[in-house]
Structures are given as structure tokens and as C-alpha cells.
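Right, one structure below, let's go through it.
The values are calculated or read from the model by the stated rules, or taken from the named source; none is laboratory data. What you see is a predicted model, and the numbers here were worked out from it, not measured in a lab. Please note: Cβ atoms are built from the backbone with ideal geometry, for glycine as well, and neighbour counts cover all protein chains shown. Areas reflect the complete protein model, heavy atoms only, side chains present, ligands, DNA and RNA absent. Shrake-Rupley method; radii C 1.70, N 1.55, O 1.52, S 1.80 Å.
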Amino acid sequence: MSQWHNQASDKTLSENEVHIWLNYLNLHQAKLKHLYPLLSDAEKARSEQFKHFKHRKLFIAAHGFMHSVLGYYLPCEASDIQFTYGDNGKPYLLEEQNPDNIQFNLTHSNNLSMLAVCLNNSVGIDIEYMERKTDWLGIIKRFFTPNEQAAIFKLSEEQQKSAFYTVWTRKEAHMKVTGQGLHLSPTQFEVSTPPEAARFIENFKQPDNNTYKMQDIQLPDMYKEYHACVSSDFEHTDLKYFIYS
């Protein structure tokens, strides 16, 4: 827990850093009412499309958190932040609001959300909740490469589920850092498997000579049922962790 700072800590962002923000999404209605006005008109409209209040609540909490945190780094109010979107749907800040070229990526699973922030380079982050009902064995066989499958199935049965989530967050973080998201098939590229440290290995179908640095994220002990990973397309030398409240 000691590596995690509160939001009042120094948030100066250096060229070689990635800032990682963690937020709990199961909020009281009063907090949601504070976050909702921060959303853009497009985000508000999107929140209304959720059929179930739980999903609408999580969307508002995650996107309000994103606006609030990005407001620390931008010369505009959190409620004024607008986004543009890449060909595959990845959001970016408007150039006129972003003189320092802040780049970011948002992820959420169950009751946690995380935001990665850096300067001038692409970043991708993913978090997954291990206790949800998932056919993880089926996903391994369908979406992992033969080498990834073989490495996981060499582990003991009690280690395999955890290894699946570790590899899955690594693959998702890479898909997001490339800006391709789900348009990049997870079977098209390979990442390292536990107990090896996080690492992008190879894209089999097209050359990818970008420099990627991937790191598993050690979450606070109270969130041990989650796995998370961040990837950047530059050799960041430091991750700094913040808890939003």
C-alpha cells in the first residue's frame, strides 16, 4: 500500500513517467451527482442508453473520475474537457485543450476503475476482476497463442486461473496501447506468461518495431482479487500511483 499516494500528493508529470490512478466505483448517490456534471454531452447521452441503473452508475462514476483526474493536468475545467476519437474508437483530448500533449487510457472492471496518464506517448491499461463468472479455460484455448497456452497449462491447476488473468490484462493493455483495441486479434501477437515479468514479445502478422514497456500493477492488498497491467510505447522509467477519493 505504501507505493500508493493520495490525490493531494504532487502530481507533476515527467517525460519518463506514467501516472496510474485507482478509483472505487460503487459510490453513494451524492457523489454521483457531483461527478455527473463533469461529463460531456456525448457521455451523458451514452449513460442514458444503459438499461440497468447499476451499469449507468458505473459509467458515470468511471467517466466522472476520468474528467476529474485529467483536470489536474490540463489548463481547463474538468467539466469542459472534450474528446475526439481515433479510427478504432480510442479517445484523445482535443489539441486546443492539451498544450502538453497529455495521453491517457481508462479501464474498469466490477467496482474498480483505473486511469493511466503520460506525456507525448501512447498508453494502454487494463484491469480485470477474477471473481466474475468467466469461461477462462475456453478463452485461453480460443484467444491465446499456442506458446501462451502451453506455458499456462504447465502451471498447477490452482495457478492457472490467476495466470490467465495476468496474461489477459497484458494482452488487453497491448491492444489498447496500439490504438487498435478489439481490431487487433489477441491471437495475432504474443506476450510473456507468469512467472515471467510482463513483456510484449511479437506480432506474428505484421512487423511492429515500436518500443513497448509493459508492467503488471501491484494493487493494494484490499483488491487482491483484481489483476491489472499497463503498457506504453516508450521506455518509461517510473510508475507513480495515486488513489482517487
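Overview of values
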{"quantity": "Full-extension gain in nm, Phe50 to Asp238, via 0.36 nm per residue minus C-alpha separation", "calculated": "63.9 nm"}
{"quantity": "Accessible area of the chain belonging to carbon and sulfur atoms, whole % at 1.4 Å probe", "calculated": "47"}
{"quantity": "Dimensionless Rg over Rh [segment 1-71; C-alpha; Kirkwood]", "calculated": "1.04"}
{"quantity": "Antiparallel bridge percentage (DSSP; both residues within the chain; nearest 5)", "calculated": "80"}
{"quantity": "Under 5 Å, built H, 5+ apart or other chain: amide partners of Ala198", "calculated": "Asp216"}
{"quantity": "³J(HN,Hα), Karplus 6.51/-1.76/1.60, whole Hz, each residue of segment 92-109, x for Gly, Pro", "calculated": "9, 6, 4, 4, 6, 9, 10, x, 8, 6, 5, 10, 8, 7, 10, 9, 8, 8"}
{"quantity": "Rounded to the nearest 20 debye, dipole of the chain from Cβ charges on Lys, Arg, Asp, Glu", "calculated": "1000"}
{"quantity": "Segment 7-118, dipole about Cα centre (Lys/Arg Cβ +1, Asp/Glu Cβ -1), debye to the nearest 20", "calculated": "880"}
{"quantity": "FRET efficiency estimate (nearest 0.05) - Cβ-Cβ, Thr12 to Phe153, R0 41 angstrom", "calculated": "0.35"}
{"quantity": "Largest-first ordering by accessible area, 1.4 Å probe, given options Glu235, Glu95, Glu17", "calculated": "Glu95, Glu235, Glu17"}
{"quantity": "Per-residue HN-Hα couplings for segment 174-181 [Karplus 6.51, -1.76, 1.60; θ = phi - 60°; Hz; x = Gly/Pro]", "calculated": "5, 4, 7, 5, 6, x, 8, x"}
{"quantity": "Mean shadow area of segment 101-204, taken as a quarter of the surface of its Cα convex hull (nm²)", "calculated": "7.0"}
{"quantity": "Long-range amide H partners of Thr134 with built H, under 5 Å", "calculated": "none"}
{"quantity": "Estimated 222 nm signal from helices in the chain, with DSSP H stretches of n ≥ 4 weighted -39500 (n - 2.57), rounded to 500", "calculated": "-9000 deg cm²/dmol"}
{"quantity": "Estimated FRET transfer efficiency (Glu225, Ser79; beta-carbon r; R0 30 Å; 0.05)", "calculated": "0.35"}
{"quantity": "Binned Cα-Cα distance frequencies in the chain - 5 Å width, integer %", "calculated": "1, 6, 13, 18, 20, 17, 13, 8, 4, 1, 0"}
{"quantity": "Solvent-accessible area of Tyr24 with every protein chain in place, 1.4 Å probe, in Å² to the nearest 10", "calculated": "100"}
{"quantity": "Projected-area average for segment 1-143 over all orientations - Cα convex hull basis, square nanometres", "calculated": "10.8"}
{"quantity": "Cut-off under 5 Å, modelled amide H: who pairs with Phe144 long-range", "calculated": "none"}
{"quantity": "Projected-area mean, segment 198-245, by convex hull of Cα positions, square nanometres", "calculated": "4.8"}
{"quantity": "Per-residue ³J(HN,Hα) for segment 128-139, Karplus 6.51 cos²θ - 1.76 cosθ + 1.60, θ = phi - 60°, Hz, x for Gly and Pro", "calculated": "9, 9, 6, 8, 6, 6, 9, 7, 5, 5, x, 5"}
{"quantity": "FRET efficiency estimate (nearest 0.05) - Cβ-Cβ, Ser162 to Tyr92, R0 30 angstrom", "calculated": "0.35"}
{"quantity": "Order of exposure, largest accessible area first, which applies to His227, His52, His28 with probe 1.4 Å", "calculated": "His28, His52, His227"}
